[in-house]
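Below is one structure; the comments refer to it alone.
The values are calculated or read from the model by the stated rules, or taken from the named source; none is laboratory data. None of these values were measured; they are calculated from a predicted model. No Cβ is skipped: glycine too gets one built from the backbone with ideal geometry, and neighbour counts run over all protein chains shown. Remember, those area values only see protein heavy atoms, side chains included, never the ligands or the DNA or RNA. Shrake-Rupley method; radii C 1.70, N 1.55, O 1.52, S 1.80 Å.
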Amino acid sequence: MTAEELRKQMTEARQALSPEAREAAAQGFTERLCALPEWLRADTVALFLSFGSELDTRSVIETAFSEGKQVLLPICQKDYHMIFSVYTPTTPLITTGMGLEEIAPEAIQEVPPENIDFCLVPGLVFDDTGARIGYGAGFYDRFLPRLSEDTAIIGAGYDCQVIKNSPIPQKDTDVRLPMIVTEQGIYRSTKTL
């Protein structure tokens, strides 16, 4: 299958999940993610606000706040690069032309990539070796190599988005993730950036 065919298939699989299944998946994912040693030792966490049928990350963000972590959210720039900014419960958000919620321009407090301890990465398709297919613009593929080698990089998705025992198509610019967490499991890769 091509990357585009896989994107379509996984989008449909996510959209087919019932609200109850999505809620249970978000709870299971949050419990699994927030028990990781990489999470427990992180002070500054780069997360994302869920979009469309993505795995809901609100409970992860709430957990980070309750644990006193500094929460960052991504801001996609016009040049296909991305920065992360401090986010608090009172930070104003806007809706972008793509329908994503982002921090309002006047509230941006950019944090350098080397200050990030933990980075959660969305995707449409993953495989059990850490390969990832995103939405196609390459924002994370450009950003991830800028992180410190000590930063924990974790893919986030439903277990139905992980293709097991069959590699997915990758381009030279695609960044392989060291770990993917779903509501049902943790997939660690021996191949990385």
**OP:** Quick one: count up the residues across the range 150-178 that are closer than 19 Å to Gln27 by Cα and touching a strand residue (DSSP E or B) at 6+ places or on another chain (Cβ under 9 Å).
**Re:** 6
Subject >> Number of the exception - Ala137 against (1) touching a residue at least 60 places away in the same chain (Cβ under 8 Å); (2) buried (at least 16 other Cβ atoms within 10 Å of the Cβ) >> reply: (2)
**OP:** Return only the number of the condition from (1) at pLDDT below 95; (2) under 27 Å from Asp150 (Cβ atoms); (3) among the polar types (S, T, N, Q); (4) not in a loop (DSSP other than H, G, I, E, B) that Ser85 does not satisfy.
**Re:** (1)
**OP:** For the range 73-98, name all the residues that are touching a Phe, Trp or Tyr at 6+ places or on another chain (Cβ under 7 Å) and exposed (fewer than 11 other Cβ atoms within 10 Å of the Cβ).
**Re:** Pro89
**OP:** Looking only at the range 99-122, count how many residues are open to solvent by less than 10 Å² (accessible area, probe 1.4 Å) and in contact (Cβ under 8 Å) with a residue 40 or more places away in the chain.
**Re:** 5
**OP:** Would you check if there is a residue in the range 22-45 being outside any helix (DSSP H, G or I) and modelled with pLDDT under 95?
**Re:** no
Original post:
Quick one: what pairs do we get from the range 46-59, first residue assigned to a helix (DSSP H, G or I), second of a type outside the set (Asp, Glu), C-beta under 7 Å, 6+ apart or different chains?
Top reply: Ser59/Ala26; Ser59/Gln27; Ser59/Thr30
**OP:** At least 2 residues that are on the phi > 0 side of the Ramachandran plot, among the small types (Gly, Ala, Ser) and modelled with pLDDT of 90 or more in each: list the strands (runs of 3 or more DSSP E) lying fully within the range 93-193 that qualify.
**Re:** none
